[in-house]
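Structure first, commentary second.
The values are calculated or read from the model by the stated rules, or taken from the named source; none is laboratory data. Keep in mind it's a predicted model, so treat the numbers as computed, not measured. Here the Cβ positions follow ideal geometry from the backbone for every residue, glycine too, while neighbour counts run over all protein chains shown. When the accessible area is computed, the model is the full protein with side chains, heavy atoms only, and any ligands, DNA or RNA have been set aside. Shrake-Rupley method; radii C 1.70, N 1.55, O 1.52, S 1.80 Å.
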Amino acid sequence: MSDLVTGDAVVLGLRPARLPSRGLAILLDLAVYVTGYVLISVGLTMATASLDDAAQAAVAVASFLLFLVGVPIAVETLSHGRSLGKLACGLRVVRDDGGPIRFRHALVRGALGVVELILTFGSIACIASLASARGRRLGDVFAGTLVVRERVPGTRVMPVPPPPPWLAGRFTGLDLSAVPDGLWLAIRQYLTRMNQLDPQVGAAMAVRLADDLVARTGAPPPAGVPAAAFLMAVVHERQSRDAARAFRPSAVGPGSGFAPAPVPVPVVAPVPYVAPAPAAPAAPAEAPRAGGFAPPA
């Protein structure tokens, strides 16, 4: 079992995919891509029959790179690591820290996949996957990715505990660009298991992780803030930045051809003035009744 952490700072009990399931997913993907490549090649051959041999060779190379390299990269980028074959086999490509892959990860995987999967008929990929402890091929090693199984019954999601309220918004200006994914993984796994550790061991781990984080950010450690609370606040700050980046509305520029819709201004009807009714005369106050409690002197 491999405990991976997603970009939402939760631990997922997912298992790395092994060679049989990965091989089946790759065969399904290749069947789809090769079928599309053959159909397009036949159409291009008929369309370029009047061209010379050099032009026909250039079109053939371009179609090969487009369908067997460009299309897999685009599919993995847009689907966040779930191609048709991986979707059928319940697999997914994620980063080493468990987050979704981006274009650069898919580009490295696709470029090395031409050598591993197509030119050598998958022999290099099989050897690398069998030699790896987590079943990774060379494309995964160089891209920093991992193929995991999504269909695991009984998965328990353990969220990272929230930071103390008095630390909310205190680290908005902290530079987190130099923090590696491995350190984020260690911090998140510690935070989800801090209550299961011995207090002394957990405190020592928190101090060590906080020191590593401070060394990466270049900012001095805050005075009077416990190490565990500092880690919670920084992870929460990274979550907020990732969410703001993911849900940020697309900017509309002057040359984009789109204009923002005008905001309707509500019209409020005037309220007629109504004179207040004359107040009724106050009733004479009654004499207080005798009770069991005496007012204070």
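Quick notes
- The residues of segment 7-50 that are basic (Lys, Arg) and either at pLDDT 85 or above or over 22 Å from Leu146 (Cα atoms) (or both), listed by number, are Arg18, Arg22.
- Test result for Asp3, modelled with pLDDT under 85, surrounded by 15 or more Cβ atoms within 10 Å (Cβ to Cβ) and among the charged types (D, E, K, R): yes
- Taking segment 75-89 as the range and being hydroxyl-bearing (Ser, Thr, Tyr) and buried (at least 20 other Cβ atoms within 10 Å of the Cβ) as the test, only Ser83 passes.
- A search for C-beta distances below 8 Å between a residue of segment 94-107 that is over 20 Å from Arg15 (Cα atoms) and any residue that is open to solvent by 10 Å² or more (accessible area, probe 1.4 Å) and among the β-branched types (Val, Ile, Thr), counting only pairs 6+ apart in sequence or on different chains, returns Arg102/Thr77; Phe103/Ile73; Phe103/Thr77; Ala106/Ile73; Ala106/Thr77; Leu107/Ile73.
Residues checked against (1) modelled with pLDDT of 85 or more; (2) farther than 18 Å from Arg238 by Cβ:
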{"site": "Ile73", "(1), (2)": "yes, yes"}
{"site": "Gly85", "(1), (2)": "yes, yes"}
{"site": "Arg95", "(1), (2)": "yes, no"}
{"site": "Ile118", "(1), (2)": "no, yes"}
{"site": "Arg137", "(1), (2)": "yes, yes"}
{"site": "Val147", "(1), (2)": "yes, yes"}
{"site": "Arg156", "(1), (2)": "no, yes"}
{"site": "Leu167", "(1), (2)": "no, no"}
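- Residue that is nearest to the chain's Cα centre (by Cα) [pool: residues in segment 46-59 that are surrounded by 11 or more Cβ atoms within 10 Å (Cβ to Cβ) and either in contact (Cβ under 8 Å) with a residue 12 or more places away in the chain or not in a helix (DSSP H, G or I) (or both)]: Val59
- Any chance Ala215 is modelled with pLDDT of 80 or more, in a helix (DSSP H, G or I) and under 27 Å from the mean Cα position of the chain (by Cα): yes
- Comparison of Leu28, Leu19, Leu68 shows that the only residue that is open to solvent by less than 30 Å² (accessible area, probe 1.4 Å), under 22 Å from Arg136 (Cβ atoms) and out of contact with any His (no Cβ under 9 Å at 6 or more places or on another chain) is Leu68.
- Contact annotation: residue pairs with Cβ atoms under 7 Å, 6 or more positions apart or on different chains, pairing a residue in segment 134-145 that is crowded, with 23+ Cβ neighbours inside 10 Å with a partner that is among the polar types (S, T, N, Q), are Arg136/Ser129; Arg137/Ser129.
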